[in-house]
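To start, the structure itself, in C-alpha cells.
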Amino acid sequence: MEDTKRQLLTDCGLDIQDISGKGKGVVAIRSFSRGEIVFSEHPLLTQNLTRNNTTVLSALAECTAVQREQFYSLYNCHADTLPAELGIFETNVLPCGGNDAHGHVAKLGGVFLFGSRFNSSCKPNVNNRWDGGTREVVFRAVRDIEVGEELCIGYGSLLAKRDERREELWRKFKFECRCEACMLQDQDLADSDTRRECLQILFREHSKRLRGDPMEGIGEVCIHFEPPTTNALDF
C-alpha cells in the first residue's frame with residue numbers, strides 16, 4: 001500500500017490493522033460521532049452484473065501497475081471455485097448504486113482499495129452508500145464510535161433472521177458470521193430476530209415514504225415499537 005494513500009487514511013482517523021480471525025480490518029484511531037462521514041473513496045474498478053473473469057481482466061488492463069498490485073493484495077474467498085481475478089472481485093465488491101431492503105440490486109459493483117477492507121457485522125457501526133454525483137462510496141458512522149473500535153459494514157441482508165444471514169454470508173463470502181448479533185443466544189436471539197422481521201415488514205409497508213423522506217419514514221416505522229423510540233433501529 002502506498003505511503004501517501006495510507007497517510008490519507010490516517011488523516012481521516014482510520015488505520016488498516018490485523019484483526020484476530022478476520023485478516024485485515026479498519027480501526028478507528030480517533031472517535032467519530034453518529035452521522036459523521038468516516039471516509040469516501042472512488043472505486044479501483046467497477047463491473048456490471050454480467051461480469052466474468054474476462055471483463056475483470058479487461059478492466060485491470062486499464063489500471064496502473066500499482067493499482068493492479070493493490071487489487072491482487074485483496075483477499076479471495078473464492079480461490080477454489082472461481083478464476084483469481086473474478087474471485088477477488090466477488091469477495092470485495094461493494095454496490096455502486098441502490099441495494100435496499102426491498103430486493104433492488106445495484107447494477108454496478110466496485111472494488112475499493114480501502115473500502116473493501118471493511119469487515120462485516122450484522123450490527124454495523126458504519127453505513128456505506130454510493131454517491132452517484134461524486135461517483136464514490138461514502139462511509140458514515142451510524143452510532144458513536146470510540147478510538148480502537150473496528151469499523152464494520154453490513155455485507156448481507158441485515159433485516160433477515162440470524163440463520164438466514166449466516167447462510168447468505170457463507171454462500172457469498174465463505175465465512176460463518178460471529179458478530180455480536182449472530183452470537184446472541186436463547187431469548188436475546190429470538191428478540192433480535194423478531195425486531196428484524198418486524199422492521200422488514202414495516203420498511204416494506206413504508207417504502208414510498210422512506211424513499212421520499214427517509215427521516216419521516218423511519219419515524220413512522222419506529223412508532224410501531226413499544227415504547228416508541230428511534231432505538232428500534234438498534235438490532
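Using a basic spin-label model with each label point 7 Å from the Cα along Cα→Cβ, how many nm lie between residue 205 and residue 15?
For the pair residue 205/residue 15, the computed spacing is 4.7 nm.
Where does the stretch 112-152 land on Rg(C-alpha)/(2.2 N^0.38 Å)? Mind showing how you got there, number by number?
On the way: Rg = 11.0 Å, N = 41, 2.2 N^0.38 = 9.0 Å.
Cα Rg divided by the expected 2.2 N^0.38 Å: 1.22.
If we count every other residue with Cβ under 10 angstrom of residue 119's Cβ, Lys/Arg +1 and Asp/Glu -1, where does the sum land? Show your work: numbers first, answer last.
Numbers: positive: 22, 24, 117; negative: 150.
Value of the local net charge: +2.
How much length, in nm to one decimal, is gained on full extension between residue 107 and residue 53, taken as 0.36 nm per residue of separation minus their Cα-Cα distance? Walk me through the numbers before you get to the answer.
Values: separation 54, 0.36 × 54 = 19.44 nm, distance 1.73 nm.
Net length gain for the segment: 17.7 nm.
How far apart, in nm, are the 7 Å Cα→Cβ label points at residue 131 and residue 187?
4.5 nm
What is the local net charge at residue 172, summed over the other residues whose Cβ is closer than 13 Å to its Cβ (Lys, Arg +1; Asp, Glu -1)? Display every interim value, and only then the final one.
Values: positive: 165, 166, 171, 174; negative: 90, 164, 167, 168, 176.
With Lys, Arg at +1 and Asp, Glu at -1, the neighbours total -1.
Using the Karplus curve 6.51 cos²θ - 1.76 cosθ + 1.60 with θ = phi - 60°, work out ³J(HN,Hα) for each residue of the stretch 82-91 in order, rounded to whole Hz, and write x for Gly and Pro.
Karplus-based 3J(HN,Hα) across the stretch 82-91 equals 10, x, 3, 5, 5, x, 5, 4, 5, 5 Hz.
Please list, by residue number, everything in the stretch 2-46 whose backbone N is under 14 Å from a paramagnetic label point 7 Å out along Cα→Cβ of residue 147.
13-15, 28-32
Rounded to whole Å, give me the distance from the Cα center of the stretch 135-189 to that of the stretch 16-64.
Answer, in whole Å: 17.
Give me the net charge for the shell around residue 35: Cβ to Cβ below 11 angstrom, other residues only, Lys and Arg +1, Asp and Glu -1.
On the way: positive: 34, 140, 143; negative: 36, 144.
My count for the surroundings of residue 35 gives +1.
Apply the Karplus curve 6.51 cos²θ - 1.76 cosθ + 1.60, θ = phi - 60°, to the phi angles in the stretch 114-131 and return the couplings in whole Hz, x for Gly and Pro.
Those phi angles translate into 9, x, 6, 8, 5, 7, 9, 8, 7, 10, x, 9, 9, 10, 10, 9, 7, 9 Hz.
Return the subset of 24/161; 107/172; 22/174; 22/107 for which the Cα-Cα distance in this structure is over 24 Å, preserving the input order. It would help to have the intermediate numbers written out before the result.
Details: 24/161 27 Å; 107/172 17 Å; 22/174 12 Å; 22/107 28 Å.
In this structure, 24/161; 22/107 exceed 24 Å between Cα atoms.
Coordinate-derived values only; no laboratory data. No experiment lies behind these values; they were computed from the predicted model shown. Heads up, the Cβs are rebuilt from the backbone with ideal geometry, glycines too, and the neighbour counts pull from every protein chain shown.
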